[in-house]
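> The structure's right below; bear with me while I get my questions together.
The values are calculated or read from the model by the stated rules, or taken from the named source; none is laboratory data. What you see is a predicted model; the values in this text were computed from it and never measured. Cβ coordinates were reconstructed from backbone atoms using ideal geometry, including for glycine residues, and neighbour counts include every protein chain displayed.
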Amino acid sequence: MPVTGLPPYDPGNIFARILRGEIPARRVHEDAHALAFHDVNPQAPVHVLVIPKGPWVSAADFHAGADADAIAGFWRAVSKVARDLGLEAGGYRLLTNMGPDGGQEVPHFHVHVFGGRPLGRMIAQRGG
């Protein structure tokens, strides 16, 4: 069932073009459900993006429209990437953004995997 209120998927977005092999990427993992590659503007010593192989704009869109195998396979790929990059011992952060208010820059659902140093608090506590 489609999620209402989302922008239509743009097949010309950079991640769709990477999936089609039109743009190179430093790949770290690929399987039937996901592709993982290094971010071109890393925000941590390890900063990898994991994208599903399908036209999904957001997590809600992906979970509403993808089949159970695609969803499970994608999240297994996210975990495998973190493990394969040696992030399990020290820890890591997963982040996904949605829409302009969430800071989403590419309109293709994706998960950022950050690690390689202490990342600190994600959101500062506020007094009172």
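> Tell me the residue from Ala36, Ala82, Ala77, Ala44 that is closer than 28 Å to Gly120 by Cβ, assigned to a loop (DSSP other than H, G, I, E, B) and in contact (Cβ under 8 Å) with a residue 24 or more places away in the chain, please.
Values: Ala36 fails: assigned to a loop (DSSP other than H, G, I, E, B); Ala82 fails: assigned to a loop (DSSP other than H, G, I, E, B); Ala77 fails: assigned to a loop (DSSP other than H, G, I, E, B).
From the options Ala36, Ala82, Ala77, Ala44, the qualifying one is Ala44.
> Quick one: how many residues across region 37-53 are surrounded by 19 or more Cβ atoms within 10 Å (Cβ to Cβ), touching a helix residue (DSSP H, G or I) at 6+ places or on another chain (Cβ under 8 Å) and farther than 20 Å from Gly102 by Cβ?
Total satisfying the criteria: 1.
> Restricting the search to region 10-58, which residues are more than 16 Å from the chain's Cα centre (by Cα) and more than 15 Å from Val81 (Cα to Cα)?
Asp10, Pro11, Gly12, Arg20, Gly21, Glu22, Ile23, Pro24
Table: residues versus (1) without any contact (Cβ under 8 Å) to a residue 40 or more places away in the chain; (2) surrounded by fewer than 17 Cβ atoms within 10 Å (Cβ to Cβ).
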residue	(1), (2)
Gly21	yes, yes
Ala70	yes, no
Gly73	no, no
Asn97	yes, no
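The rows are residues; the columns are (1) under 27 Å from Gly5 (Cβ atoms); (2) surrounded by 11 or more Cβ atoms within 10 Å (Cβ to Cβ); (3) touching a Pro at 6+ places or on another chain (Cβ under 9 Å).
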position: Glu30; (1), (2), (3): no, yes, no
position: Pro55; (1), (2), (3): yes, yes, yes
position: Arg93; (1), (2), (3): no, yes, no
position: Met122; (1), (2), (3): yes, no, no
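> Quick check on region 21-33: of everything there that is charged (D, E, K, R) and either touching a Gly at 6+ places or on another chain (Cβ under 7 Å) or assigned to a loop (DSSP other than H, G, I, E, B) (or both), which residue is farthest from Arg93 (Cα to Cα)?
Glu22
> Follow-up question, since we're still on this one. Any residue at all in region 58-67 that is buried (at least 18 other Cβ atoms within 10 Å of the Cβ), under 23 Å from Met122 (Cα atoms) and touching an Asp or Glu at 6+ places or on another chain (Cβ under 8 Å)?
no
> Would you pick out the residues in region 52-69 that are over 12 Å from Leu35 (Cα atoms) and outside any loop (DSSP other than H, G, I, E, B)?
Ala59, Ala60, Asp61, Phe62, His63, Ala64, Gly65, Ala68, Asp69
> List the number of the failed condition for Gly115; all other conditions in (1) modelled with pLDDT of 90 or more; (2) surrounded by fewer than 16 Cβ atoms within 10 Å (Cβ to Cβ) hold.
With respect to (1) modelled with pLDDT of 90 or more; (2) surrounded by fewer than 16 Cβ atoms within 10 Å (Cβ to Cβ), Gly115 is out only on (2).
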